[in-house]
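The values are calculated or read from the model by the stated rules, or taken from the named source; none is laboratory data. Being a predicted model, the structure only gives us computed values, none of them experimental. Here the Cβ positions follow ideal geometry from the backbone for every residue, glycine too, while neighbour counts run over all protein chains shown.
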C-alpha cells in the first residue's frame, strides 16, 4: 500500500485552498479521527482523549451517524468538533461527480459541519473545484498509517512522533481495521506530546479562518 506519511510541501502548495496544517507558533497538534463513529472504537478514543483533556476532530461517515447517533452526540457533548467524511465513504476518483456531490451533501446534513475530508484524500479536479466553494476541505500533513496491515504498531507510532510539528493535522481512524494499532499508538502519542508541552485542539476553533487567511499566515 503506497502512501506518504508526511505530505510534501510541493503537494500542499498545489492545493492551496485545502487545509493541510494550522500555522502555529505554540506547541499544538490537531488529532483527527476518520470513519467513525462506531461502538467498538469511538467511545474508547473519547476516554483516552479525556485523560489528557485533549480535543480532537472526528470526520464521520454519515451512515455511521445514522446507525450510532448516541455516539455522535457524545463526541460533540465532550467538546470535540465533527466533520463530514461523505455518507458512504465514497472514493471520489471512482465516483461520478453528481452522485459524489449528493453523497457529500447527505453527509454534511448529518454532521451539520462545513468541514469536509474526502475519503482516501481523493478528489477529481472538478470535485475539488466545486466542493471547496461550499466546504472547508481539510487534509493532513501527517498520516499515522494505522489503517495499513503492513505497518507495525511501532512504525505507526514513529510515523507520528518523527513527523509531527506545531500545527500538524494528524490522521487516525476510529475503525475496526485500525483498532489494534490505534489502541497501541494513541495513548503513547498523547503521553509523549503531553510531556513535550503540547496541547491538543479541535479544528472547530479555526473554522472562522478561511483558507485564504491561513495561507497568508503560513
> When both residues are 6+ apart or on different chains and their Cβ atoms are under 7 Å apart, which pairs have a first residue that lies in the range 156-174 and is at negative phi and surrounded by fewer than 20 Cβ atoms within 10 Å (Cβ to Cβ), and a second that is outside any helix (DSSP H, G or I) and modelled with pLDDT of 95 or more?
Replying inline: 163/142; 166/27; 166/28
>> Quick check on residue 175: is it at pLDDT 95 or above and out of contact with any helix residue (DSSP H, G or I) (no Cβ under 6 Å at 6 or more places or on another chain)?
In response: yes
>> I need the full set of residues from the range 30-44 which are touching a strand residue (DSSP E or B) at 6+ places or on another chain (Cβ under 9 Å) and under 22 Å from residue 88 (Cα atoms), in order please.
In response: 32, 33, 34, 35, 36, 37, 41, 42
> Does residue 130 satisfy the criteria of being in a loop (DSSP other than H, G, I, E, B), more than 28 Å from residue 190 (Cβ to Cβ) and touching a helix residue (DSSP H, G or I) at 6+ places or on another chain (Cβ under 9 Å)?
Replying inline: no
> Given the residues 85, 106, which is the only one that is within 26 Å of residue 15 (Cβ to Cβ), at pLDDT 95 or above and surrounded by fewer than 23 Cβ atoms within 10 Å (Cβ to Cβ)?
Replying inline: 106
>> If residue 17 meets every condition in (1) touching a helix residue (DSSP H, G or I) at 6+ places or on another chain (Cβ under 6 Å); (2) part of a loop (DSSP other than H, G, I, E, B); (3) at pLDDT 95 or above apart from one, which number is that one?
In response: (3)
>> Looking only at the range 38-51, filter to residues that are touching a residue at least 60 places away in the same chain (Cβ under 8 Å) and in a helix (DSSP H, G or I); which one of those is farthest from the chain's Cα centre (by Cα)?
In response: 51
> Do the conditions hold for residue 193, that is, is it touching a residue at least 12 places away in the same chain (Cβ under 8 Å), crowded, with 16+ Cβ neighbours inside 10 Å and more than 19 Å from the chain's Cα centre (by Cα)?
Replying inline: no
> What do you reckon, is residue 144 modelled with pLDDT under 95 and under 23 Å from residue 47 (Cβ atoms)?
Replying inline: no
> Considering 164, 199, which residue is within 17 Å of residue 6 (Cα to Cα) and either modelled with pLDDT of 95 or more or in contact with a helix residue (DSSP H, G or I) (Cβ under 9 Å, 6 or more places away or on another chain) (or both)?
Replying inline: 164
> Which one is nearest to the chain's Cα centre (by Cα), of the residues in the range 82-118 that are within 25 Å of residue 50 (Cα to Cα), in a loop (DSSP other than H, G, I, E, B) and without any contact (Cβ under 8 Å) to a residue 60 or more places away in the chain?
Replying inline: 85
> Restricted to the range 59-81, and to residues that are touching a residue at least 24 places away in the same chain (Cβ under 8 Å) and farther than 19 Å from residue 40 by Cβ, which residue is farthest from the chain's Cα centre (by Cα)?
Replying inline: 79
>> So residue 54 passes all but one of these: (1) surrounded by fewer than 21 Cβ atoms within 10 Å (Cβ to Cβ); (2) assigned to a loop (DSSP other than H, G, I, E, B); (3) in contact with a helix residue (DSSP H, G or I) (Cβ under 8 Å, 6 or more places away or on another chain). Which condition number does it fail?
In response: (1)
> How many residues are assigned to a helix (DSSP H, G or I) and loosely packed, with under 14 Cβ neighbours inside 10 Å if we restrict to the range 175-186?
Replying inline: 1
